[in-house]
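The block underneath contains the structure these notes are about, expressed in structure tokens.
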Amino acid sequence: MHRLPAHLLALAGASLGTPWVAWHEVCIRTKGTPISAHLIDWARDQGIQSPDLTHVTRTHPIPLPAPVFLRHWLDNRGFPCIHLSGLSLRHGIYLAPNLPDEDDTLRHELIHTRQYQQAGSIFAFLRRYLFQCLTEGYLHCQMEREARGEFPPSSES
């Protein structure tokens, strides 16, 4: 995809997604369970600010701000939208129930929490994340690779 359409799509997605993320973060933090003490310690070691604010809600399917037909269309093009194991919404994390590697998934999502903090806002995180996914592909984008532990955190904000 060319950079200008990708910038415009990322801008539109961030604009539409920011209120959705903010609302779901509040819902998870209100009704969810706090992350465990050992993950709070791990998160602090990773430079995540106030990890004790992070809560988790287990649900299936994990909600996204897109209708099912669009989720299937995106899923068929390499952007996972159907069978998600987790989704970080800053200090609120959705997790699929009964994950065999729940702590690993939480660590991955907590790295996204740090990326939200580095970006400075939900909007800035979403714009950057969506742009990377559109131009580099979900599996190859820097933010996903960082969350998978493939290289150290970015110094970009």
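Scan the chain and note any complete DSSP helix (H) whose C-alpha atoms cover at least 27 Å along its axis and whose Kyte-Doolittle average is 0.0 or more.
Span-like helices, by this rule, are 3-31.
For SER50 and VAL26, FRET efficiency with R0 = 22 Å and r from the beta-carbon atoms, rounded to 0.05?
Efficiency at R0 = 22 Å is approximately 0.90.
Name the longest site-free stretch of the chain, where the excluded sites are GluC sites (Glu not before Pro) in a DSSP loop with no more than 14 other beta-carbon atoms within 10 Å.
1-149
Using the count of nearby Cβ atoms within 10 Å as a rough guide to exposure, how do THR30, THR113 rank from fewest to most?
Neighbour counts put them in this order, fewest first: THR30, THR113.
Let a ≥ b ≥ c be the square roots of the eigenvalues of the Cα gyration tensor of region 3-147; is it rounded (a/c under 1.5), or, if not, prolate (a/b larger than b/c) or oblate?
prolate
Computed from the coordinates by the stated procedures, all read-outs in this text should not be read as laboratory data. The structure displayed is predicted, hence computed values, not measured ones. Neighbour counts are summed over all protein chains in view; Cβ atoms, including those assigned to glycine, are modelled from backbone coordinates with ideal geometry.
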